[in-house]
1. Within the stretch 337-350, is there a residue that is part of a strand (DSSP E or B), over 23 Å from residue 372 (Cβ atoms) and at pLDDT 85 or above?
2. Does the stretch 311-327 hold any residues that are open to solvent by 20 Å² or more (accessible area, probe 1.4 Å), over 17 Å from residue 279 (Cβ atoms) and free of Cβ contacts under 8 Å to residues at least 24 places away in the same chain, and which are they?
3. Being of a type in the set (A, V, I, L, M), more than 36 Å from the chain's Cα centre (by Cα) and part of a helix (DSSP H, G or I) is the filter here, so list the residues in the stretch 238-282 that pass it.
4. In this structure, is residue 692 over 17 Å from residue 429 (Cα atoms), at pLDDT below 90 and not basic (Lys, Arg)?
5. Being more than 12 Å from residue 417 (Cα to Cα), assigned to a strand (DSSP E or B) and open to solvent by less than 40 Å² (accessible area, probe 1.4 Å) is the filter here, so list the residues in the stretch 451-477 that pass it.
6. Hey, residue 31 hits all of (1) over 22 Å from residue 99 (Cα atoms); (2) of a type outside the set (S, T, N, Q); (3) modelled with pLDDT of 90 or more but one; which does it fall short on?
7. Determine the pairs where a residue that is touching a residue at least 12 places away in the same chain (Cβ under 8 Å), located within the stretch 282-296, has a partner that is among the basic types (Lys, Arg) with Cβ atoms under 6 Å apart, the partner being 6 or more residues away or on another chain.
8. If you go through the stretch 730-750 one residue at a time, do you hit one that is in contact with a Ser or Thr (Cβ under 7 Å, 6 or more places away or on another chain), modelled with pLDDT of 90 or more, farther than 16 Å from residue 649 by Cβ and surrounded by fewer than 19 Cβ atoms within 10 Å (Cβ to Cβ)?
Amino acid sequence: MIDLDTPLAQILVVEDDEAARLMMTTTLKKAGFNVHDAANCSSARALFASYKFDLVLLDVLLPDGDGFSLCNEFLLEPNGRDLPIAIVTGLDDVESIKMGYQSGATDFITKPVSWGTLPYRVQYILQGSRTILNLSVSESKTRALLSSIPDILMRIHRDGWVLDMQVGSISFDIQEWFYAVDGEVYGRLPPEVNRAVFAHIHAALKGEGMQLLEFQWSHLPERVCFWEARIQQRDDNEVLMVVRDITQRKQHENQLRLSAKVFEGTNEAILITDANLNIISVNRAYENITGYSQADMLLSNADSPKVGLRHYSFFEHIISVLKERGHWQGELLNQRKSGEYFPCWFSINQVLDINGAPENYVAIFNDITEHKNSRAQIDFLAHHDSLTGLPNRTLFNDRIEMAINVAHREGKKLGVLFIDLDRFKNINDSLGHLVGDQILKETAARLTQVIRSGDTVSRLGGDEFVVLFPTISDERNIAELTLKLSVALQQAYLVDGITLHITPSIGIAIYPDDGETFDELIKNADAAMYLAKERGRNNYQFYTPVLNARTLDRLKLEAGLRKALELGHFELHYQPLIVGSDCSIRGAEALVRWRHPERGLIPPMEFIPLAEETGLIIPLGEWVLTEAARQLKQWHQRGYVDLVVSVNISVLQFKQPEFLARVETILQTVGIEPKSIELELTESILMGDMEASIQILQQFCDRGYRIAIDDFGTGFSSLSYLRHLPIHLLKIDQSFVRDMFVEPASLAIVDSIIGLARALGKETIAEGVETEAEYSLLMQHGCRLMQGFYFAKPMPAIEFERWIKANNHSVMNSGPL
């Protein structure tokens, strides 16, 4: 409360904004003033007629009039003479301030109102009003009183002479404002000041009322000073000018303006309370985040349900920390007006007054829902497979380590299963990765549904899954669990209208019998899974130490394969392609062989799958194509100009972006025409992305290459696409040729392929012809081209050339050679 030396002042507050009126009234009453308030002009007139007021705080815009007219009206009333009236307006509303003074207002108060200093501001206005009234008592007393006012009072002649000057209580050097001119009785204002006020002086002399202006001036260049001048006509030739130093006010206004911009422009919610935790302001971000408007929050307490803090038992703890340390920050769960809860990061600071007592509390917070969700998503992705949502290797490693520690401490066993989907690669290559991904997701779902609570399923990559059984009693127990998983995985998969049947090969390792660490158990379960594949797939096998040797053998084979490429241990064998009608030689199929320095000649079935798994099939396939082209060039130079060589292309080669360009480069370097090379591809290579395959094959055909589909009829054929494929030959798989005499369906398939090829304008070549009966039957059904042991086995290039010479460019049809 302000300690007043005079009787309690009567103040009239005229403000239509209920919240502002309430704050102003409450603040002034707490300071010890008698306050009456009105929301419009009519109410204000009624109160003005009933009471004698010492001060009126008057808003500019009112529902039934304006503050300027009301101000002028009050001053004309008997009890309004010499009444101080302060216009309440915005910081930047200079026009309203000017109009207020023109209507007779004594002073102005800017919005937003500084509630802490408002009582002092009011007291200052009252004191200034009383002082000015007392000036009329006597000149000497007026001079004494004026000395207590922080203003400069000047009497200025219309010609610019300074007739008199009274310096206020703030010490001003009178010489700063007095510019002496030789030969003149009176001095003048400094030129810069004169230029600023000249027009306003003459406006006042013309009877345009009191003039209000602000200007910047200092007699010292290094100083920045702002001044406010009020100019009132005194007589026809003289004005009274009151000048006030407003430098501090301007600085304060700029700070307030900047603070207001920050307050409203920040994306963080801001809530301000008084010392008693009553909310006095919130910003726009607070309204947007919580849904509560400033009107909703005004004068609510910080423990109000609207704030959301009352939900925390440590609310009192926060207050005690604020009082002790002056600040607190942490995460809290807040609540919107809609009832929705959301996480926030709060920072609360205590603001002290000049005496060191709490004056305000400022809480700043932001909604961290998205941040927490992002962190949770990042954490999930760091520990889970992005496709299936299963734990990844990292999380599985953590869980198996924990399980091993428990099993070791309690002397129990645990089981690890390594699961691989049989022939999944064929599905992926033939039907595409989208179908493959759907199968992997369905597999993950089935495994998750079957396992027990506490078990863990993880996807290590590709079609490899591992399962952890942290509690098993014995081998029979884990076998039963494995069987349930196997049965679930063998159920038909329905993907994009296609029904697929997939079987699992499962390897089992048991702690501590088959390993005591994560790496040992996974390695041995993987080895057991390979044993399951060797034994026909679609079964499960327990790990045995013998598998270690087989695993090492496979690793040695992979290392040897890489070394063989470096040292040139591969060679090509050629199997003749025969024209059945006269047994003449059309060409040869190039077949790669690995001549191992220790194991001798290794058949393709042992190393081609490994080469595909490791990616070595790409450099190996390029070597095969280069070597076949080089050998064919030699044969052409020796006179076998019509000889054609067929080369097998792997799926990895075909999918290389620069495959066509690489083939072209090889043939151009060697000097072979494209028509002499026949590229063999399997159906599965083409079915992955048929449209792209057609485009690539068409580019090969446009350049003169011949294309053959190998093992036709064994994959997922699409007759609708076959008619669009730019190919030349269909190779009938040897399994159909072999079973023609024992299985009518095989002969029907052979006959269908020959008929289909003839209808599409393509040729057929039968593989694996080993007997005269097979040869004769194929001839009867119209198959023109053949290859097989009946004619010749695959042989090195030198033997192949000898074979051609020995048979005089043809083959006797009396039996196999």
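1. In the first step, residues of the stretch 337-350 are kept if they are part of a strand (DSSP E or B); the result is 341-350.
Narrowing the set further to residues that are over 23 Å from residue 372 (Cβ atoms) leaves 349-350.
Next cut, at pLDDT 85 or above only: 349-350.
For the stretch 337-350, residues part of a strand (DSSP E or B), over 23 Å from residue 372 (Cβ atoms) and at pLDDT 85 or above: present.
2. Once the filter is applied, which keeps residues that are open to solvent by 20 Å² or more (accessible area, probe 1.4 Å), over 17 Å from residue 279 (Cβ atoms) and free of Cβ contacts under 8 Å to residues at least 24 places away in the same chain, the stretch 311-327 yields 312, 313, 314, 316, 317, 320, 324, 325, 327.
3. Taking the stretch 238-282 first, the residues of a type in the set (A, V, I, L, M) are 239-243, 246, 256, 258, 260, 262, 269-272, 275, 277, 279-280, 282.
Going one step further and asking which of them are more than 36 Å from the chain's Cα centre (by Cα), we end up with 239-243, 246, 256, 275, 277, 279-280.
Selection gives 256 alone.
4. Working: over 17 Å from residue 429 (Cα atoms): no; at pLDDT below 90: yes; not basic (Lys, Arg): yes.
So residue 692 does not fit the description; no.
5. Within the stretch 451-477, 461, 472 qualify.
6. Here residue 31 meets the rest and fails (3).
7. Final answer for the pair search is 290/336; 291/336; 291/337; 292/306; 292/337.
8. yes
The values are calculated or read from the model by the stated rules, or taken from the named source; none is laboratory data. These numbers were taken from a predicted model, which means no experiment stands behind them. With ideal geometry, Cβ positions are generated from the backbone for all residues, glycine too; neighbour counts draw on all protein chains shown. With ligands, DNA and RNA removed, areas are computed over all heavy atoms of the protein, side chains included. Shrake-Rupley method; radii C 1.70, N 1.55, O 1.52, S 1.80 Å.
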